[in-house]
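Comments concern the structure below.
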Amino acid sequence: MRKRFVPPIPDGIRDDFTILRARRVETQTNMMYVMLLATTPTAAWAGAADVHWLVRFGLPVILAVLCLLGLLENWQSRQRRMSLRRARLIVKKTSRVSGIVAIMCSTWCVINWLNSPPENHASFAMILTMGSLATAYCLSSIRFAALLNLVIGVVPISALMLSSGVPSEMAAATSLMLATAILIRFIMQGHAMLVDLLQLQKQTRDLANTDPLTGLANRRALDGKIADLLQPADTQRPFRLALLDLDGFKPVNDRFGHAFGDKLLCSVADRLRDVIGDQGLVVRQGGDEFAVLLPPDSALAEAPVADQILIALVRPHVIDDTSVAVGASIGVAQWPKDGACADELFEFADRALYRAKAEVRTPLRAADDMARSA
């Protein structure tokens, strides 16, 4: 039941959703702070005369100070780059602060309601409900914070109006609850639309970064990952890039056809996935060319990855009941020892790859010459 009415965020877009919410909060909460700040002087002036001055003036003053601090913090925050850690802090802090503000506003209105003549009740109900509805709208990107503000702001004053026995107040409370229900529906639909949008963006991004034949990452994804690893950071550790070409693939492809060759490429991709697993990124660059990126935190970062790949590929592949064998030539480059940028890393790995190919061809050529002389 809970998952039906409050569905969780899919894991694949959770981080993107957090960042999007934080960015929207930075934009929309300024409006909320300005709105609340503008209402504090008139609210203090309209307070019940019999209420203690700490309630009548103290709460509005504290609210005004919080709004000013919120505007200042938002202005400073927007000067910094949005990261996942900062986005989580923004969402958590906004939910906490908005809840405190909602309690202050609701307390002020309820106390003034109880200490004012009946003809003034409507003004306090309007101050609180309009503020709660507007605040919930500004916080609509944070579902929990928006709903919490509506509950704190609308439920107490609605309960007072319904229990007053005055038909006009009871009718106003009913209308208020209906308006709140509509806003809740709007918030839930907006939340669902954001989730659908991010899922669609993720699917589009995955298609753009995936090789359609093997399901591996493509060259675009590889370039993006290397660019991320090269971003300046407090601590940067070495990472490795391995480029490999299949040896003997072209004769197999020419003999058995492209459909057979495609299946062979998929079989090679599966073995590379098995070797690398979640410890790195396996890429098909095109044709029979593959690449492997081992980030600094990979358990294979110090392992003889070229030897492990060659061992995995040495066993024959069985395609359509036909056993075929292909090998590979591999060139490995390590950042920053073998190159300071992506182009230098690829160039170093390419040279190492061609040297490996030359070493493969030389024994084969020598074997052919011996066969001919015999």
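The values are calculated or read from the model by the stated rules, or taken from the named source; none is laboratory data. In this text the structure is predicted, and so the values were computed from the model without any measurement. Virtual Cβ from ideal backbone geometry, glycine too; neighbours counted across all protein chains shown. These accessible areas exclude ligands, DNA and RNA; they are computed on the full protein's heavy atoms, side chains included. Shrake-Rupley method; radii C 1.70, N 1.55, O 1.52, S 1.80 Å.
Could you please find all residues in segment 47-64 being surrounded by fewer than 16 Cβ atoms within 10 Å (Cβ to Cβ), closer than 14 Å to CYS105 by Cα and of a type outside the set (Val, Ile, Thr)? The answer is LEU54, GLY58. Scanning segment 175-193 for residues that are under 19 Å from ILE142 (Cβ atoms) and in contact with a Ser or Thr (Cβ under 7 Å, 6 or more places away or on another chain) returns ILE187, GLY190. Listed by first and then second residue, the pairs with beta-carbon distance under 9 Å, at least 6 apart or on different chains, first residue in segment 321-339 and closer than 19 Å to ALA227 by Cβ and of a type in the set (Asp, Glu), second part of a strand (DSSP E or B) and open to solvent by less than 30 Å² (accessible area, probe 1.4 Å), are ASP338/LEU241.
For the residues LEU114, LEU68, the requirement of being over 16 Å from TYR33 (Cα atoms) and hydrophobic (A, V, I, L, M, F, W, C) singles out LEU114. Just one of the listed residues (ALA102, ALA134) is touching a Leu at 6+ places or on another chain (Cβ under 8 Å), in contact (Cβ under 8 Å) with a residue 24 or more places away in the chain and either closer than 23 Å to VAL65 by Cα or not acidic (Asp, Glu) (or both), namely ALA102. Pick from segment 162-179 the residues that are open to solvent by less than 60 Å² (accessible area, probe 1.4 Å), modelled with pLDDT under 90 and part of a helix (DSSP H, G or I): which of them is farthest from LEU114 (Cα to Cα)? Per the criteria, the residue is ALA179. Exactly one residue out of LEU229, LEU264 is surrounded by 13 or more Cβ atoms within 10 Å (Cβ to Cβ), touching a residue at least 12 places away in the same chain (Cβ under 8 Å) and over 23 Å from ALA342 (Cα atoms), and it is LEU264. Of all residues in segment 120-134, those that are open to solvent by 50 Å² or more (accessible area, probe 1.4 Å) and more than 29 Å from GLU26 (Cα to Cα) total 3.
At least 1 residues that are open to solvent by 60 Å² or more (accessible area, probe 1.4 Å) and within 17 Å of TRP335 (Cα to Cα) in each: list the strands (runs of 3 or more DSSP E) lying fully within segment 268-323 that qualify.
none
Is it the case that some residue within segment 249-258 is in a helix (DSSP H, G or I), among the hydrophobic types (A, V, I, L, M, F, W, C), under 21 Å from the mean Cα position of the chain (by Cα) and modelled with pLDDT of 90 or more?
Quick first cut of segment 249-258, residues in a helix (DSSP H, G or I) only: 249-256, 258.
Those still in the list that are among the hydrophobic types (A, V, I, L, M, F, W, C) too: 249, 252, 256.
Then drop every residue that is not under 21 Å from the mean Cα position of the chain (by Cα), which leaves none.
No, there is no match, as no residue in segment 249-258 is in a helix (DSSP H, G or I), among the hydrophobic types (A, V, I, L, M, F, W, C), under 21 Å from the mean Cα position of the chain (by Cα) and modelled with pLDDT of 90 or more.
So, in segment 91-108, exactly how many residues are within 15 Å of GLY47 (Cβ to Cβ) and either surrounded by fewer than 22 Cβ atoms within 10 Å (Cβ to Cβ) or at pLDDT below 85 (or both)?
Going through segment 91-108 one residue at a time, the tally reaches 3.
For segment 342-357, check the following and say yes or no: at least one residue is at pLDDT 85 or above, assigned to a strand (DSSP E or B) and open to solvent by 70 Å² or more (accessible area, probe 1.4 Å). So far as segment 342-357 goes, no, none of its residues is at pLDDT 85 or above, assigned to a strand (DSSP E or B) and open to solvent by 70 Å² or more (accessible area, probe 1.4 Å).
Within segment 4-33, the set of residues being open to solvent by 80 Å² or more (accessible area, probe 1.4 Å) and either more than 21 Å from SER95 (Cα to Cα) or modelled with pLDDT of 85 or more (or both) comprises ARG4, ASP11, ARG14, ARG23, ARG24.
Taken over segment 135-150, the criterion of being surrounded by 17 or more Cβ atoms within 10 Å (Cβ to Cβ) and not in a loop (DSSP other than H, G, I, E, B) is satisfied by THR135, ALA136, TYR137, CYS138, ARG143, ALA145, ALA146, LEU147, LEU148, ASN149, LEU150.
Quick check, is ILE157 farther than 30 Å from ARG14 by Cα, touching a residue at least 60 places away in the same chain (Cβ under 8 Å) and either open to solvent by less than 10 Å² (accessible area, probe 1.4 Å) or in a helix (DSSP H, G or I) (or both)?
no
Determine whether GLY47 is touching a helix residue (DSSP H, G or I) at 6+ places or on another chain (Cβ under 6 Å) and part of a loop (DSSP other than H, G, I, E, B). Considered against the rule, which asks whether it is touching a helix residue (DSSP H, G or I) at 6+ places or on another chain (Cβ under 6 Å) and part of a loop (DSSP other than H, G, I, E, B), GLY47 comes out as yes. Looking across segment 68-90 at every residue that is at pLDDT 85 or above and surrounded by 18 or more Cβ atoms within 10 Å (Cβ to Cβ), the one that is nearest to PHE124 (Cα to Cα) is identified as ILE90.
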